[in-house]
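Written below as structure tokens is the structure these notes are about.
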Amino acid sequence: MFFIGAALLILALRWSLDLVQLGGASAAFIFLSYLTDALVFAVIWTAVTQTDGEAGLLDGWRLLAGRRLKVIKAGIWGLPSAAVSYLLLSLGATLFQAVSVALGARIGGWLMLGWIFMVGWLCCALLFVALFACIETARGEDGLWKAGIKGMRGAYLGWRPLLAIWTAFVCAATLCAALGAGVLGHISMTTLDDAGREVLAYWINWPALFLAVMALLALLVPIGTDVLVSDRSNAGGETELAAFGEAVAVRLGQGLKALAAAVILSGLLVINVGIASSLTAALALWLTGRALAASAPAWGKAEAGPWARWKWLVFPGLPLLLLWLGATQIS
């Protein structure tokens, strides 16, 4: 009953903040959902890990007194998962059109399927980065940056169990989709009117989502405990943590430059992709990766300010905007 109630609470918050259309304010409410998720997960962690006996959600809320605002701020670490999924999945179709031209449609299709699986696994790992950051904050970490880097290190050390969780989720989702298709295949399209079809299309995935969230909550404590204990046993202190943070920035910068090269290749091979647009997108990715690599030393310093770490998102912005507008006019 504890996990059922917690899963329903998370889904209710997600529904009210993510799916309610509020005009121009919708994006702000979606951002708030990351913060509420962080607080609920931290409350669940605090309640379940108590050794003094059974504890409920209200007990977890009470025990989290004095750290709730810091936990909410740690929920910001959920944003990289959304950004990475948007970037990599939006580029996937364009990139694999070029692969299909070079190697054939069948090979391109299988490689794109693998790409989607790997991007999903990466986003799953980034999701756990946010969860681990919230757990570290609930356990006493006061620094937002250090909590996130510790969460990244935990996800890096625990990539194998996270891959197993993602694979199990994909298999379960495939099974639910097959069962749902079998049931829906026996319903006539004339059985439901237009309103009924809309209701069915809206709610059909929520039962499976409820089971997935409840399973995630049940796995949160065992996998979080094992991964974070492994992180502490492998960490060599502040120096190792700083080196890991700097290495993350360097690798991300290299990844963006590699994506830039792939986008240029797609622009040369795919007919319906304008060369001006592909060159502009590639330049945007390359400049962003270069600026990120230049900011890498600040990623390894806990005392560095937000501007030193995130200025790479600002400096390439204006010239890239001008280039994009110029490419749009040419196209």
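The values are calculated or read from the model by the stated rules, or taken from the named source; none is laboratory data. From a predicted model like this one, the values you see are computed outputs, not experimental measurements. Virtual Cβ from ideal backbone geometry, glycine too; neighbours counted across all protein chains shown. These accessible areas exclude ligands, DNA and RNA; they are computed on the full protein's heavy atoms, side chains included. Shrake-Rupley method; radii C 1.70, N 1.55, O 1.52, S 1.80 Å.
Taking segment 242-263 and a reference point 7 angstrom along Cα→Cβ of Lys301, the backbone N atoms nearer than 14 Å belong to 242-243, 246. Note: relative contact order over segment 1-234, using C-alpha pairs below 8 Å and six or more positions apart, is 22 percent.
Sort segment 90-199 into rounded, prolate or oblate with this rule: let a ≥ b ≥ c be the square roots of the eigenvalues of the Cα gyration tensor; rounded if a/c is under 1.5, and if a/c is not under 1.5, prolate when a/b is larger than b/c, oblate otherwise. Note, shape of segment 90-199 comes out oblate. For the pair Ala261 and Glu238, a Förster radius of 22 Å applied to the C-beta separation gives a FRET efficiency near 0.05, rounded to the nearest 0.05. One chain, two ends: Ala178 and Ile275. Fully extended at 0.36 nm per residue, the span grows by 30.9 nm beyond their Cα-Cα distance. The modelled label-to-label distance for the pair Ile4/Leu209, using points 7 Å beyond Cα in the direction of Cβ, is 2.1 nm. Sorting Leu292, Leu157 by solvent-accessible area of protein heavy atoms yields Leu157, Leu292, largest first, with a 1.4 Å probe. In a reduced charge model with +1 at each Lys and Arg Cβ and -1 at each Asp and Glu Cβ, segment 49-99 shows a dipole moment near 300 debye about its Cα centre. Shown here for segment 118-210: trypsin sites (Lys or Arg not before Pro) in loop regions (DSSP other than H, G, I, E, B) with at most 15 other Cβ atoms within 10 Å, namely Arg139. Compared with the direct C-alpha span, the chain from Val170 to Leu111 gains 19.6 nm at full extension, assuming 0.36 nm per residue.
For the set Glu303, Glu240, the ranking by accessible area, highest first and with no ligand, DNA or RNA atoms included, is Glu303, Glu240 under a 1.4 Å probe.
Note on exposure: Ser100, Ser266 ranked by accessible area (1.4 Å probe, complete protein assembly) read Ser100, Ser266, with the most exposed listed first.
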